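J.: Please read through the structure below; I'll follow up with questions.
The values are calculated or read from the model by the stated rules, or taken from the named source; none is laboratory data. Just so it is clear, the model here is predicted, and its values are computed rather than measured. Heads up, the Cβs are rebuilt from the backbone with ideal geometry, glycines too, and the neighbour counts pull from every protein chain shown.
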């Protein structure tokens with residue numbers, strides 16, 4: 001009855017059409033996209049209205065008394081291409097503070113054919129394989145829960161994990177690569193951990209850390225990476241924070257079914273501004289209501305302070321961090337599935353942070369950036385025979401690990417007519433510590449107590465400290481009246497730890513991109529490049545029983561990219577169609593010496609990746625075709641439609657190519673939204689993902705080791721020979737916003753997996769239990785033996801069909 005009353009109230013509120021004629025305000029700054037010099041006398045108008053402004057000598061502008069709604073904002077000035085910002089929401093709550101970057105790359109004389117302005121993110125270095133989302137597109141994404149990683153899974157070539165986790169994580173699988181093949185940057189500062197409960201040695205987790213309230217836009221590179229970025233094999237996610245309100249402090253409170261978030265931004269004085277936020281989850285209460293025995297809880301924090309020292313010199317500092325705890329609670333109704341969860345997962349305590357400082361100076365025809373940052377991850381995993389009543393004698397796992405990085409980066413960018421170039425260097429100190437205890441198998445005794453099989457226990461204690469460094473340069477130019485653009489880049493990296501780490505000629509990373517304008521609507525783009533990634537700290541820091549670092553001879557992982565495609569800009573505003581083909585070729589991929597499996601097939605769960613001996617002998621390949629149609633907000637609607645057909649394969653120790661764990665084959669995504677009158681907005685997202693490969697269990701090994709591992713042991717001889725069913729789901733979101741004189745209220749309903757589609761996942765191994773699920777059934781009626789020989793094997797269906805309705809609100813004031 002309580003739920004019915006809530007739904008009734010929601011419907012009444014959503015159909016309310018009271019109009020109070022409230023207004024809002026926007027302000028911002030106009031800059032040259034390349035040199036970042038402010039542009040004065042630019043005309044800024046709200047399309048479809050007579051409202052506008054002209055930027056002053058500092059590039060700043062302000063437009064007041066704007067009727068609350070969504071607008072496309074256009075900036076224009078002679079000598080620059082017109083620039084349009086789409087779907088800018090004006091409310092009476094928080095003021096929109098915009099950064100408008102204008103480009104003159106297609107500026108032509110009056111006698112030349114006018115090249116049409118591309119409203120989508122692009123640059124000379126990356127003419128293809130580059131996608132962009134605005135903050136509003138992220139906020140209003142159905143089922144996204146304000147999580148940028150989930151939202152960009154709508155882009156071509158981007159999928160998520162399935163298999164053992166059933167699609168409940170937000171790992172980014174880009175063009176068939178592993179989730180640890182991507183790097184993440186926030187305003188030029190690398191942020192290695194962007195998720196709560198992050199998998200060490202990988203990158204994904206169940207929910208993101210980034211506060212979308214502070215983000216202006218997001219760029220995703222899936223190839224043709226600029227040379228300034230080190231370590232990407234599959235993707236670069238670049239997030240840009242918006243400017244704080246220069247006139248007053250404003251606040252934002254967001255409440256949803258899983259979390260409460262607060263953020264604020266504003267001026268400290270006329271030269272210094274700030275942004276700060278904190279978020280607390282109460283996901284444990286939702287899981288308890290759904291009778292899920294895990295109890296995740298987290299905090300996260302984010303801030304940025306900007307100091308405008310002079311017209312040409314600015315300084316900023318930012319930080320982002322998280323505190324995570326993962327525990328268990330016995331549900332009221334014990335099921336075999338719930339009992340399995342209780343005994344198969346570790347207790348987790350984790351915290352992470354990134355703290356960075358940046359200095360930017362405008363110089364003649366360009367600028368330079370200097371950044372200094374420190375990031376750290378502290379990861380603690382503990383597992384017992386009974387996680388709810390932990391006893392040290394029953395411990396089966398202990399991992400207490402820390403990763404720390406201190407980084408210094410320098411970058412210069414210069415622009416001369418049709419030429420541009422950049423160069424720079426980076427150096428960082430890396431510190432890794434790990435304490436490992438793993439009981440792989442219990443001791444087995446006979447009926448009189450004689451030892452038949454000793455316990456198998458793996459112990460390790462490691463501490464590693466070394467330096468990494470890199471150099472890069474890139475040059476770009478346009479020819480034939482800007483119809484042809486070419487970019488050439490080179491990067492090399494080294495380190496002081498690996499046996500051959502200082503041989504920087506082994507990590508030479510060249511890249512070449514080209515773009516040719518066939519007509520004013522059609523372009524042909526292509527790129528080729530070789531990219532490198534250093535093995536993870538969990539690999540480099542692994543030691544044997546004597547304390548020897550047995551993976552020091554590992555090599556950098558390599559990936560060759562070959563990409564070509566067409567880009568069509570239809571005649572109507574804000575639309576784009578792209579068709580791209582890609583081929584990725586991997587080398588030196590780590591292969592586990594314990595199970596013979598490529599680490600490219602791991603990292604999509606909540607454990608640790610790479611804590612084992614490896615050999616750098618693996619190969620891989622991923623190839624496919626991508627299509628996308630994107631329509632920015634025009635005439636009250638927007639659309640993103642993408643489809644990817646691909647194949648991903650890696651070799652194991654037998655040097656034979658087999659399907660990768662991320663080889664879903666088909667990815668289809670649709671996101672659409674429509675803005676009705678009276679500030680009502682409807683969004684729909686549909687996703688289809690082909691079946692992921694998975695492996696059968698080795699029943700004998702699973703039976704012998706279940707009592708200590710709490711999980712089954714897969715049959716590595718039949719690795720990824722089975723496939724799950726395809727996955728599809730639909731998410732729906734409905735928003736209604738009320739604007740008052742000095743504040744606004746946004747009520748939304750978000751339904752994830754609206755039609756209760758069953759999310760496939762690989763089965764789990766356990767033993768049959770008694771009717772009350774409090775003990776095991778055995779073949780002889782006696783307690784379960786240490787070697788599991790009297791247990792009765794059982795495979796549990798891990799697929800689920802959970803509908804998650806969320807009723808939340810956002811208050812701005």
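J.: Among the residues that make up region 282-291, is at least one of them modelled with pLDDT of 90 or more and not in a loop (DSSP other than H, G, I, E, B)?
T.: No - not one qualifying residue is present in region 282-291.
J.: Could you say whether any residue in region 499-510 is under 20 Å from residue 130 (Cβ atoms), buried (at least 16 other Cβ atoms within 10 Å of the Cβ), touching a strand residue (DSSP E or B) at 6+ places or on another chain (Cβ under 9 Å) and in the same structural domain as residue 463 (by TED's automatic domain parsing)?
T.: Taking every residue of region 499-510 in turn, at least one turns out to be under 20 Å from residue 130 (Cβ atoms), buried (at least 16 other Cβ atoms within 10 Å of the Cβ), touching a strand residue (DSSP E or B) at 6+ places or on another chain (Cβ under 9 Å) and in the same structural domain as residue 463 (by TED's automatic domain parsing).
J.: What are the residues in region 774-795 that are surrounded by 15 or more Cβ atoms within 10 Å (Cβ to Cβ), within 20 Å of residue 334 (Cα to Cα) and either in contact with a helix residue (DSSP H, G or I) (Cβ under 9 Å, 6 or more places away or on another chain) or at pLDDT below 90 (or both), if any?
T.: Within region 774-795, 784, 791, 793, 794 meet the criteria.
J.: In addition: Residues in region 505-519 that are touching a residue at least 24 places away in the same chain (Cβ under 8 Å) and under 18 Å from residue 228 (Cβ atoms): how many?
T.: Residues flagged as touching a residue at least 24 places away in the same chain (Cβ under 8 Å) and under 18 Å from residue 228 (Cβ atoms) within region 505-519 amount to 5.
J.: Out of region 44-55, which residues are part of a loop (DSSP other than H, G, I, E, B) and either in contact with a strand residue (DSSP E or B) (Cβ under 9 Å, 6 or more places away or on another chain) or at positive phi (or both)?
T.: Going residue by residue through region 44-55, those that are part of a loop (DSSP other than H, G, I, E, B) are 47-51, 55.
47, 48, 49, 51, 55, listed by residue number.
J.: Somewhere in region 408-417, is a residue farther than 30 Å from residue 36 by Cα and at pLDDT 90 or above? Can you show your working first?
T.: Of region 408-417, the ones farther than 30 Å from residue 36 by Cα are none.
Within region 408-417 (the criterion being farther than 30 Å from residue 36 by Cα and at pLDDT 90 or above), the answer is no, since none of the residues qualifies.
J.: Using beta carbons and a limit of 7 Å, which pairs, at least six apart or on different chains, have the first residue in region 385-396 and touching a residue at least 12 places away in the same chain (Cβ under 8 Å) and the second one assigned to a loop (DSSP other than H, G, I, E, B)?
T.: 388/330; 396/385
J.: Name the residue that is surrounded by the most Cβ atoms within 10 Å (Cβ to Cβ), counting only residues in region 432-445 that are in contact with a helix residue (DSSP H, G or I) (Cβ under 6 Å, 6 or more places away or on another chain) and farther than 23 Å from residue 549 by Cα.
T.: Going through the qualifying residues, I end up with 442.
J.: Of the residues 588, 560, which is at positive phi, free of Cβ contacts under 8 Å to residues at least 60 places away in the same chain and part of a strand (DSSP E or B)?
T.: 588
J.: For region 691-709, check the following and say yes or no: at least one residue is in a helix (DSSP H, G or I) and without any contact (Cβ under 8 Å) to a residue 12 or more places away in the chain.
T.: yes
J.: OK, next. Which count do you get for residues in region 378-431 that are surrounded by 16 or more Cβ atoms within 10 Å (Cβ to Cβ) and not in a strand (DSSP E or B)?
T.: Here the count works out to 2.
J.: Assigned by TED's automatic domain parsing to the domain that holds residue 158 and over 17 Å from residue 489 (Cβ atoms): which single residue out of 234, 223 fits that description?
T.: Of 234, 223, the one residue that is assigned by TED's automatic domain parsing to the domain that holds residue 158 and over 17 Å from residue 489 (Cβ atoms) is 234.
J.: Assuming residue 121 fulfils every condition listed in (1) under 22 Å from residue 522 (Cβ atoms); (2) modelled with pLDDT of 90 or more; (3) within 27 Å of the chain's Cα centre (by Cα) apart from one, which condition is it?
T.: For residue 121, the failing item is (2).
J.: Of everything in region 145-159, what is part of a loop (DSSP other than H, G, I, E, B) and either modelled with pLDDT under 75 or under 10 Å from the mean Cα position of the chain (by Cα) (or both)? Give them in sequence order.
T.: Step one: of region 145-159, the residues part of a loop (DSSP other than H, G, I, E, B) are 145-147, 155-157.
Residue satisfying the conditions is 147 alone.
J.: If you go through region 607-639 one residue at a time, how many are within 23 Å of the chain's Cα centre (by Cα), assigned to a strand (DSSP E or B) and more than 25 Å from residue 666 (Cβ to Cβ)?
T.: Of the residues in region 607-639, 1 are within 23 Å of the chain's Cα centre (by Cα), assigned to a strand (DSSP E or B) and more than 25 Å from residue 666 (Cβ to Cβ).
J.: Would you mind finding the one in 70, 16 that is part of a strand (DSSP E or B), modelled with pLDDT under 90, within 26 Å of residue 638 (Cβ to Cβ) and in contact with a strand residue (DSSP E or B) (Cβ under 9 Å, 6 or more places away or on another chain)?
T.: Details: 16 fails: part of a strand (DSSP E or B).
Criteria check complete, one pass: 70.
Yes or no, residue by residue, for (1) under 30 Å from the mean Cα position of the chain (by Cα); (2) surrounded by 21 or more Cβ atoms within 10 Å (Cβ to Cβ); (3) more than 30 Å from residue 623 (Cα to Cα); (4) without any contact (Cβ under 8 Å) to a residue 24 or more places away in the chain:
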| position | (1), (2), (3), (4) |
| --- | --- |
| 667 | yes, yes, no, no |
| 683 | yes, yes, yes, no |
| 721 | yes, no, no, no |
| 729 | yes, yes, no, no |
| 756 | yes, no, yes, no |
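J.: What's the number of the condition residue 608 fails, among (1) touching a helix residue (DSSP H, G or I) at 6+ places or on another chain (Cβ under 7 Å); (2) at pLDDT 90 or above?
T.: Among (1) touching a helix residue (DSSP H, G or I) at 6+ places or on another chain (Cβ under 7 Å); (2) at pLDDT 90 or above, the lone unmet condition for residue 608 is (2).
J.: Could you tell me whether region 302-320 includes any residue that is under 21 Å from the mean Cα position of the chain (by Cα), farther than 24 Å from residue 361 by Cβ and modelled with pLDDT of 95 or more?
T.: Looking through region 302-320, at least one residue is under 21 Å from the mean Cα position of the chain (by Cα), farther than 24 Å from residue 361 by Cβ and modelled with pLDDT of 95 or more.
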